[in-house]
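Please read the structure below before turning to the comments.
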Amino acid sequence: MKNYLLPSLRLTLVLIVLFGGLYPLSVFLIGKLAPGHGDGVTIEKNGKVIGFENIGQKFTDDKYFWSRPSAVNYNASGSAGSNKATSNPDYLKDVQARIDTFLKHNPGIQKSDIPSELVTASGSGLDPDISPEGALVQVKRVANARHFSEEKVKELVDKNTQKPLWGIMGPEKVNVLKLNLALDEMK
Amino acid sequence: MTKEIIGIVFMFLITVLLAIPFGKYIAKVFKGEKTVTDFMKPFERLIYKLSGINPEKEMNWKQHLLALLTINMIWFVYAFIMFLIQGSLFLNPDGNPSMTPDLSFNTAISFLVNCNLQDYSGETGVTYLTQLFVITFLMFVSAATAIAGLAVIFRALQDKVTDKLGNYFHYLVISCTRILLPLSILVAVLLAFNGTPTSYAGKSTFLGVQGDTVNVARGPAAGMIAIKHIGTNGGGWFGANSAHPLENPNYFTNVLEMVAQFIVPLALIFALGFYLKKKKLAYVIFGVMTLGFLLLVIPTIYYEIKGSPTIASMGVTQTTGAMEGKEVRFGPAASGYWSILTTVISTGSVNSMHDSSMPVSGLMQLLAMMTNAFYGGCGAGFMNYFIFLIIAVFMSGLMVGRTPEFLGRKIEAKEMKIAAIIALLHPLIILAGTALSTYILSSHGGMGWAVKPSTWLNNPGSHGFSEMLYQYTSCAANNGSGFEGLADNNPWWNISTGFVLILGRYLPIIGPIAIAGIMAQKKYIPEAAGTLRTDTFTFGIVTFGVIAIIAALSFFPALTLGPIAEYFSIY
């Protein structure tokens, strides 16, 4: 063991400098060229940051499209899922309460039209997206709250629906923050 | 849903297609033949010079193990101290605190052994200094530890009698410079251009659209996330791991991270074939592993897409599948696929919360780690499979009445004893740990510990039992994913899993290297008509049978108490 102790120590030092120092530093330098310059891609309004493109925000107002339920209440200084099992009776009560709240705020919507993602918490607690179905089921409420026609709001949802990767892989999705900002822009 | 299925089929096929030429490349690297990365040579010479290492000095298998254990011990001491004092050091823009001793112990071991259990949460539990200079560093070298070990085994299994098996430090360094580092840089850059942060800036605070104060944790994450996958480590920069929208921003990065964590383990299997000039053997091994993988992944994806029966009974629609703990941009198919790939190989990163998976998926995730031999982690995966190969050779030799031989060497009592001990160790540490915890929880739940045992679990009944079983399984398999509802940051869990982690790492590396080293010194018997062939379909099935019997059946009673009982309670 004595034979290997010194070379091991020295090799350790060299590799700490390489992998802890130089490697992330070079990624940092290359990252300067990336969108957001490596600080994360932000969205600004009137010169002020109002959000990160990829970080979901809490929307509870009737005139906005709602994001998914979050186990961390969209506080992105942390991140977590609920870690609730689908067999857990207390968890099922929470889901039931979310369904009831949704129905109360969305009169005229059938329970069977609510996609489950709107009443279940995401993995990160910061999910920026909902499915197109999840947006469409909220169109009526948003249109009423803003006195817009439903067609116009629906068009906006369609315009903000992102296609699967290369058109063939993965789910379609709607970025809730971008959709809501577009909604605020709409006259 | 078709497009989601296309997505996962693509992820699998593209990795296999890339892994074959990459395996050929790895074989050349370990043989010292000419490769495209020879421009790294001056750089490697510099490393050897600074470290005082002679890369030409040959070691026998015992010296290899000694070198491996010595350098790992140094890493442990270094990491343990750093976590203990990180709060008062620099590069800590968010002002995060130092770790408690038990958490330092657990975290140091868990990154040292390539597990990455993470009883802390990335945003609040570590600093940029420890994320980079301890964790990112350990992610490289812990992966290289096992890849270098595998290089020793490759060398030993060649058809010449020798005890000279190359230099361990040399294998360790070239595993980093020729395999892990180039791939990590590539992946890190692609992540950066898809929105993963790379800068050293601290938390961002601003007012959101509805006027709420929003905090967003960030940091130089892209480099760490790259090696976390390339080295099958799995520990996330952020608490939610690859479910976090900065850690895994879109479907493209999801494909990228899937390929990144799968490619090295897969390529190492093909590398075996190229190195030993036994391609057929490698393809049979790949076939057995793929069979096991498909048997685990297909039911998982099916049940995740189908959705939860209890949610269905509430009357909402589940067109997007079971969505609790999942992200919309990945959907149930890619989440289910990830959950199995990350558990068969030892990554343990997650893009959905396994605790909220359907019972069948939880069962499959557990089985993936219990068998721990289908693909497996960087280097360690093949070592686990190697143990089952030895057992399969021995058993089939006995069955057909021939001397058990593998690659021209007799398999005798000594090798078999080592293999049997390693194979049985895995169920022993998992089941003993789970049994002990269950006993404490049920008989001493009110004990006056800081975190009362009765409050450990996030879910009642059989699922709660699964949370404990999953934790020990994940540790023994050096996986690192979790049923994260478990309250694991307290002395009982930090310390007990710490020991399981050490046993689950080093014995399964020592065993195979010892067996291969002993085999290398035995007389080489060329293949003849009477030799039991190990590169055939039939032998592949026998190996699969051995894995199924030893690994899976020993866990059956525990599984019936956990996910199987849960299944029958809700369907």
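Cβ-Cβ under 6 Å, sequence separation 6+ or interchain: first residue in the range A:13-30 and closer than 14 Å to B:Phe140 by Cβ, partner surrounded by fewer than 15 Cβ atoms within 10 Å (Cβ to Cβ). Which pairs?
Cβ pairs passing all conditions: A:Val14/B:Leu50.
Using the structure shown, decide if B:Arg409 is within 30 Å of B:Ala528 (Cβ to Cβ), open to solvent by less than 10 Å² (accessible area, probe 1.4 Å) and away from every other protein chain (no Cβ under 14 Å).
Working: within 30 Å of B:Ala528 (Cβ to Cβ): yes; open to solvent by less than 10 Å² (accessible area, probe 1.4 Å): yes; away from every other protein chain (no Cβ under 14 Å): yes.
Considered against the rule, which asks whether it is within 30 Å of B:Ala528 (Cβ to Cβ), open to solvent by less than 10 Å² (accessible area, probe 1.4 Å) and away from every other protein chain (no Cβ under 14 Å), B:Arg409 comes out as yes.
Taking the stated definitions as given, is B:Phe270 hydrophobic (A, V, I, L, M, F, W, C), over 26 Å from A:Leu165 (Cα atoms), assigned by TED's automatic domain parsing to the domain that holds B:Lys160 and assigned to a helix (DSSP H, G or I)? Break it down stepwise before answering.
Values: hydrophobic (A, V, I, L, M, F, W, C): yes; over 26 Å from A:Leu165 (Cα atoms): yes; assigned by TED's automatic domain parsing to the domain that holds B:Lys160: yes; assigned to a helix (DSSP H, G or I): yes.
Spelling it out, B:Phe270 is indeed hydrophobic (A, V, I, L, M, F, W, C), over 26 Å from A:Leu165 (Cα atoms), assigned by TED's automatic domain parsing to the domain that holds B:Lys160 and assigned to a helix (DSSP H, G or I).
Which members of the range B:44-66 meet the condition of being farther than 20 Å from B:Met519 by Cα and touching a residue at least 60 places away in the same chain (Cβ under 8 Å)? I'd like the intermediate steps shown before the answer.
Residues of the range B:44-66 farther than 20 Å from B:Met519 by Cα: B:44-57.
Once the filter is applied, which keeps residues that are farther than 20 Å from B:Met519 by Cα and touching a residue at least 60 places away in the same chain (Cβ under 8 Å), the range B:44-66 yields B:Glu44, B:Ile47, B:Tyr48, B:Ser51, B:Ile53, B:Asn54, B:Pro55, B:Glu56, B:Lys57.
Which numbered condition in (1) polar (S, T, N, Q); (2) assigned to a helix (DSSP H, G or I); (3) free of Cβ contacts under 8 Å to residues at least 40 places away in the same chain is the only one that B:Ser98 fails?
Just one mismatch for B:Ser98, condition (2).
Quick one: in the range A:27-36, of everything that is facing chain B (nearest Cβ under 7 Å) and part of a helix (DSSP H, G or I), which residue is modelled with the lowest pLDDT?
Step one: of the range A:27-36, the residues facing chain B (nearest Cβ under 7 Å) are A:27-28, A:30-31, A:34-36.
Among the residues that remain, those that are also part of a helix (DSSP H, G or I) are: A:27-28, A:30-31, A:35-36.
Numbers: A:Val27: 95, A:Phe28: 95, A:Ile30: 94, A:Gly31: 92, A:Pro35: 90, A:Gly36: 87.
Top of the filtered list is A:Gly36.
Just one of the numbered conditions (1) away from chain A (no Cβ under 12 Å); (2) not in a helix (DSSP H, G or I) is not true of B:Val328; which one?
(1)
How many residues does the range A:37-52 contain that are in a loop (DSSP other than H, G, I, E, B), open to solvent by less than 70 Å² (accessible area, probe 1.4 Å) and either more than 7 Å from chain B (Cβ to nearest Cβ) or over 30 Å from B:Leu186 (Cα atoms) (or both)?
As a first pass, look at the range A:37-52 and keep what is in a loop (DSSP other than H, G, I, E, B): A:39-41, A:46-47.
Subset that is open to solvent by less than 70 Å² (accessible area, probe 1.4 Å): A:39-41, A:47.
Going one step further and asking which of them are either more than 7 Å from chain B (Cβ to nearest Cβ) or over 30 Å from B:Leu186 (Cα atoms) (or both), we end up with A:47.
Qualifying residue count, the range A:37-52: 1.
If you check B:Phe374 against the conditions, is it buried (at least 24 other Cβ atoms within 10 Å of the Cβ), away from every other protein chain (no Cβ under 11 Å) and touching a Gly at 6+ places or on another chain (Cβ under 6 Å)?
Details: buried (at least 24 other Cβ atoms within 10 Å of the Cβ): yes; away from every other protein chain (no Cβ under 11 Å): yes; touching a Gly at 6+ places or on another chain (Cβ under 6 Å): yes.
Yes; evaluated as a whole, the condition is true for this residue.
Cβ-Cβ distance below 7 Å, separation of 6 or more or different chains: which pairs start in the range B:1-15 with a residue that is in contact (Cβ under 8 Å) with a residue 24 or more places away in the chain and more than 9 Å from every other protein chain (Cβ to nearest Cβ) and end on one that is part of a helix (DSSP H, G or I) and crowded, with 17+ Cβ neighbours inside 10 Å?
From the range B:1-15, the pairs are B:Ile5/B:Ala333; B:Ile14/B:Val259; B:Thr15/B:Val259; B:Thr15/B:Phe262; B:Thr15/B:Ile263; B:Thr15/B:Leu266.
Keeping to the range B:273-318, report how many residues are more than 14 Å from chain A (Cβ to nearest Cβ), over 23 Å from the mean Cα position of the chain (by Cα) and either in a helix (DSSP H, G or I) or free of Cβ contacts under 8 Å to residues at least 40 places away in the same chain (or both).
Of the residues in the range B:273-318, 7 are more than 14 Å from chain A (Cβ to nearest Cβ), over 23 Å from the mean Cα position of the chain (by Cα) and either in a helix (DSSP H, G or I) or free of Cβ contacts under 8 Å to residues at least 40 places away in the same chain (or both).
Being among the aliphatic types (A, V, I, L, M) and without any contact (Cβ under 8 Å) to a residue 60 or more places away in the chain is the filter here, so list the residues in the range B:21-36 that pass it.
In the first step, residues of the range B:21-36 are kept if they are among the aliphatic types (A, V, I, L, M); the result is B:26-27, B:29, B:36.
The one that is among the aliphatic types (A, V, I, L, M) and without any contact (Cβ under 8 Å) to a residue 60 or more places away in the chain: B:Val36.
So which residues in the range B:442-464 are surrounded by 15 or more Cβ atoms within 10 Å (Cβ to Cβ) and within 14 Å of chain A (Cβ to nearest Cβ)?
If the condition is that a residue be surrounded by 15 or more Cβ atoms within 10 Å (Cβ to Cβ) and within 14 Å of chain A (Cβ to nearest Cβ), then B:Trp456, B:Leu457, B:Asn458, B:Asn459, B:Gly461, B:Ser462, B:His463, B:Gly464 are the ones that fit.
From the list B:Asn254, B:Asn250, B:Asn233, B:Asn215, exactly one residue is open to solvent by 10 Å² or more (accessible area, probe 1.4 Å) and more than 7 Å from chain A (Cβ to nearest Cβ). Which is it? If you could, list the steps in order and put the result at the bottom.
Working: B:Asn254 fails: open to solvent by 10 Å² or more (accessible area, probe 1.4 Å); B:Asn233 fails: open to solvent by 10 Å² or more (accessible area, probe 1.4 Å); B:Asn215 fails: more than 7 Å from chain A (Cβ to nearest Cβ).
Every option except B:Asn250 fails the conditions.
Taking the condition of being without any contact (Cβ under 8 Å) to a residue 40 or more places away in the chain and over 13 Å from B:Asn250 (Cβ atoms), how many residues in the range A:158-175 meet it? Spell out how you get there, then give the answer.
So the first thing to find is which residues in the range A:158-175 are without any contact (Cβ under 8 Å) to a residue 40 or more places away in the chain, and the list is A:158-170.
Imposing the further condition that a residue be over 13 Å from B:Asn250 (Cβ atoms) reduces the set to A:158-161, A:167-168.
Matching residues across the range A:158-175 total 6.
Could you tell me whether any residue of the range B:22-42 is more than 20 Å from B:Gly234 (Cβ to Cβ), aromatic (Phe, Trp, Tyr) and open to solvent by 50 Å² or more (accessible area, probe 1.4 Å)? So that I can check it myself, show each step before the final result.
The initial filter retains those residues of the range B:22-42 that are more than 20 Å from B:Gly234 (Cβ to Cβ), namely B:22-42.
Retained after the next criterion (residues that are aromatic (Phe, Trp, Tyr)): B:22, B:25, B:30, B:39.
If we keep only those that are open to solvent by 50 Å² or more (accessible area, probe 1.4 Å) too, we end up with B:39.
There is at least one residue in the range B:22-42 that is more than 20 Å from B:Gly234 (Cβ to Cβ), aromatic (Phe, Trp, Tyr) and open to solvent by 50 Å² or more (accessible area, probe 1.4 Å).
Somewhere in the range B:102-123, is a residue outside the structural domain of B:Gly511 (by TED's automatic domain parsing), open to solvent by 70 Å² or more (accessible area, probe 1.4 Å) and either of a type in the set (A, V, I, L, M, F, W, C) or outside any helix (DSSP H, G or I) (or both)?
Going residue by residue through the range B:102-123, those that are outside the structural domain of B:Gly511 (by TED's automatic domain parsing) are B:102-123.
Those left that are additionally open to solvent by 70 Å² or more (accessible area, probe 1.4 Å): none.
Within the range B:102-123 (the criterion being outside the structural domain of B:Gly511 (by TED's automatic domain parsing), open to solvent by 70 Å² or more (accessible area, probe 1.4 Å) and either of a type in the set (A, V, I, L, M, F, W, C) or outside any helix (DSSP H, G or I) (or both)), the answer is no, since none of the residues qualifies.
Looking at (1) open to solvent by less than 10 Å² (accessible area, probe 1.4 Å); (2) facing chain B (nearest Cβ under 7 Å); (3) assigned to a helix (DSSP H, G or I); (4) not small (Gly, Ala, Ser), which is the one condition that is false for A:Leu183?
If we test A:Leu183 against (1) open to solvent by less than 10 Å² (accessible area, probe 1.4 Å); (2) facing chain B (nearest Cβ under 7 Å); (3) assigned to a helix (DSSP H, G or I); (4) not small (Gly, Ala, Ser), just (2) comes out false.
Sort out which residues of the range B:141-165 are surrounded by fewer than 22 Cβ atoms within 10 Å (Cβ to Cβ) and either within 22 Å of A:Leu5 (Cα to Cα) or of a type in the set (D, E, K, R) (or both), and write them in order of number. Write out each step before concluding.
Applying the first criterion (surrounded by fewer than 22 Cβ atoms within 10 Å (Cβ to Cβ)) to the range B:141-165 yields B:157-164.
The answer is B:Asp159, B:Lys160, B:Asp163, B:Lys164.
Of the conditions (1) under 30 Å from the mean Cα position of the chain (by Cα); (2) at the interface with chain A (Cβ under 7 Å from one of its Cβ atoms), B:Gly208 fails just one. Which one is it?
B:Gly208 satisfies all of (1) under 30 Å from the mean Cα position of the chain (by Cα); (2) at the interface with chain A (Cβ under 7 Å from one of its Cβ atoms) except (1).
May I ask you to list the residues in the range B:41-88 that are within 22 Å of A:Leu22 (Cβ to Cβ) and outside any helix (DSSP H, G or I)?
Scanning the range B:41-88 gives B:Gly52, B:Ile53, B:Pro55.
Out of the range B:284-309, which residues are of a type in the set (D, E, K, R) and either in contact with a Ser or Thr (Cβ under 8 Å, 6 or more places away or on another chain) or under 18 Å from B:Gly540 (Cα atoms) (or both)?
Step one: of the range B:284-309, the residues of a type in the set (D, E, K, R) are B:304, B:306.
The answer is B:Glu304, and nothing else.
The values are calculated or read from the model by the stated rules, or taken from the named source; none is laboratory data. Keep in mind the model is a prediction, meaning the values are calculated, not measured. Using ideal geometry, Cβ is built from the backbone for each residue, glycine included, and neighbour counts are taken over all protein chains shown. These area figures cover heavy atoms from the full protein model, side chains too; ligands, DNA and RNA do not enter into them. Shrake-Rupley method; radii C 1.70, N 1.55, O 1.52, S 1.80 Å.
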